[in-house]
1. Need a quick list: helices (runs of 4 or more DSSP H) entirely within the stretch 149-215 having at least 2 residues that are open to solvent by 50 Å² or more (accessible area, probe 1.4 Å) and within 17 Å of I8 (Cα to Cα).
2. What pairs come up if the first residue lies in the stretch 152-175 and is touching a residue at least 60 places away in the same chain (Cβ under 8 Å) and among the aromatic types (F, W, Y), the second is open to solvent by 10 Å² or more (accessible area, probe 1.4 Å) and part of a loop (DSSP other than H, G, I, E, B), and their beta carbons are under 6 Å apart, counting only those six or more places apart or on different chains?
3. From the list G66, G17, exactly one residue is in contact with an Asp or Glu (Cβ under 9 Å, 6 or more places away or on another chain), at negative phi, buried (at least 19 other Cβ atoms within 10 Å of the Cβ) and outside any loop (DSSP other than H, G, I, E, B). Which is it?
4. Quick one: in the stretch 220-230, which of the residues that are touching a residue at least 60 places away in the same chain (Cβ under 8 Å) and either closer than 15 Å to W57 by Cα or surrounded by 24 or more Cβ atoms within 10 Å (Cβ to Cβ) (or both) is farthest from the chain's Cα centre (by Cα)?
5. Go through the stretch 302-345 and give me each residue that's over 22 Å from A269 (Cβ atoms), open to solvent by 80 Å² or more (accessible area, probe 1.4 Å) and either in contact with a helix residue (DSSP H, G or I) (Cβ under 7 Å, 6 or more places away or on another chain) or touching a residue at least 60 places away in the same chain (Cβ under 8 Å) (or both).
6. Assess whether P237 counts as being outside any helix (DSSP H, G or I) and within 23 Å of R19 (Cα to Cα).
7. May I ask you to list the residues in the stretch 20-35 that are open to solvent by less than 20 Å² (accessible area, probe 1.4 Å) and within 26 Å of A245 (Cα to Cα)?
Amino acid sequence: MNILLFDIDGVLVHPGGYREALMRTINFFSQAMGWGASLPDEDVSLVFEAHGITNEWDMTAIFLAGLFCASWEESPGLRLPSSVPTALEEVRARSVPPQQIKYEQLARHVAAEMRPGEIPSLAASRVFARNLSGVPSDGGLQELSVLLDEILLTTRDIHRSHTLAVFQSYSLGSEGYSQTYGLTPIIETPSMILQHDRLVLSSENREHVLKGVRAGVLKAVIYTARPSLSPISVDDPDHFYPAEAEMAAALSGLGELPLIGFGCMQWLARNAGLDPDTYVKPSPIHAIAAIGAAAFGDHEALLLAAECLVLRGECLPPLSGMKGEHIDIRVFEDSASSIQAVRKAGKILTQAGISAN
């Protein structure tokens, strides 16, 4: 059995939409502070990604927290309320001059602080608290600390996180934002994903993959940490599942392949009462779920079996249907940690009686 796992960003498509949404989000906050369209010279996403901070939800929160810290240090006596919109207005009203942030230094410190499985914004909260502990203060430090926690500890909560709401408005577009979250977007905008993602996979290679899949010679799956819909067999109206991975899959021309994205891991982890970020790649749960989906399709039982195999060592259907099989797995990735996750998944499958190379 020949199984192909395709990451999306940097493999099937160039994620120009996320890059553009990130820069527009940075610009949004810069303008709200009265600084105009002051964009950084460096590609912020590349600086953060080089230090293992790969999610723009974290990048935007860390960036805004850095701007508020710099503004507070620049303007003695500045009192910043815990509400992000009100704090932005306060910086503007005090005519604080534009601030520059040392992104690489900040990213390096956050990366060094991160614990295994921890999202970067949580580690950033400790970094900022430590940095501020040694800063002389005439007042306002307690208020600033509360504001930073409001920014950095809520990055996955669409109802509380101002950075998430702005970034998702740009990514999905205002119409897609309303459809996904049932909320009024902060800004009116087209989708940056639809406008700026660019196809990387050649038409020749796309047709080669699809021909092999349709002939039964290949099994293939899209394996991504992008936000995505919930598993196809699951009805979960109480949570949000932005179809960002599905948008990219359609652009790539591989939309007919099963897709195991963040939405699947989100549902699975919540079902167990755990943090979704601990299930998504580089977790081997995500990798085994993708391998199984290539063979059997995306459904609830497959995801539960992947979780059971990794956490309890028990091989349940449908994964147990591969026992005695030899499977050859190839993963197309731009992240070393995600490649390592597939290697680990292969070892777990082999230990379960499924010969995986």
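1. 192-196, 203-214
2. Y170/T189
3. Of the residues listed, the single one that is in contact with an Asp or Glu (Cβ under 9 Å, 6 or more places away or on another chain), at negative phi, buried (at least 19 other Cβ atoms within 10 Å of the Cβ) and outside any loop (DSSP other than H, G, I, E, B) is G17.
4. Per the stated criteria, the residue is V221.
5. H326, R330, F332, D334
6. So P237 does not fit the description; no.
7. Selection gives A21, L22, T25, I26.
Matching residues to (1) over 24 Å from V166 (Cβ atoms); (2) aliphatic (A, V, I, L, M); (3) assigned to a loop (DSSP other than H, G, I, E, B); (4) under 22 Å from the mean Cα position of the chain (by Cα):
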site: W35; (1), (2), (3), (4): no, no, yes, no
site: A61; (1), (2), (3), (4): no, yes, no, yes
site: W72; (1), (2), (3), (4): no, no, no, no
site: E90; (1), (2), (3), (4): no, no, no, no
site: P116; (1), (2), (3), (4): yes, no, yes, yes
site: L122; (1), (2), (3), (4): no, yes, no, yes
site: R126; (1), (2), (3), (4): yes, no, no, yes
site: V135; (1), (2), (3), (4): yes, yes, yes, no
site: E143; (1), (2), (3), (4): no, no, no, no
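The values are calculated or read from the model by the stated rules, or taken from the named source; none is laboratory data. Just so you know, these numbers come straight off a predicted model, no measurement behind them. Positions of Cβ are generated from backbone atoms using ideal geometry, with glycine treated the same way; all protein chains shown enter the neighbour counts. All accessible areas refer to the heavy atoms of the entire protein, side chains included, with ligands and DNA or RNA removed. Shrake-Rupley method; radii C 1.70, N 1.55, O 1.52, S 1.80 Å.
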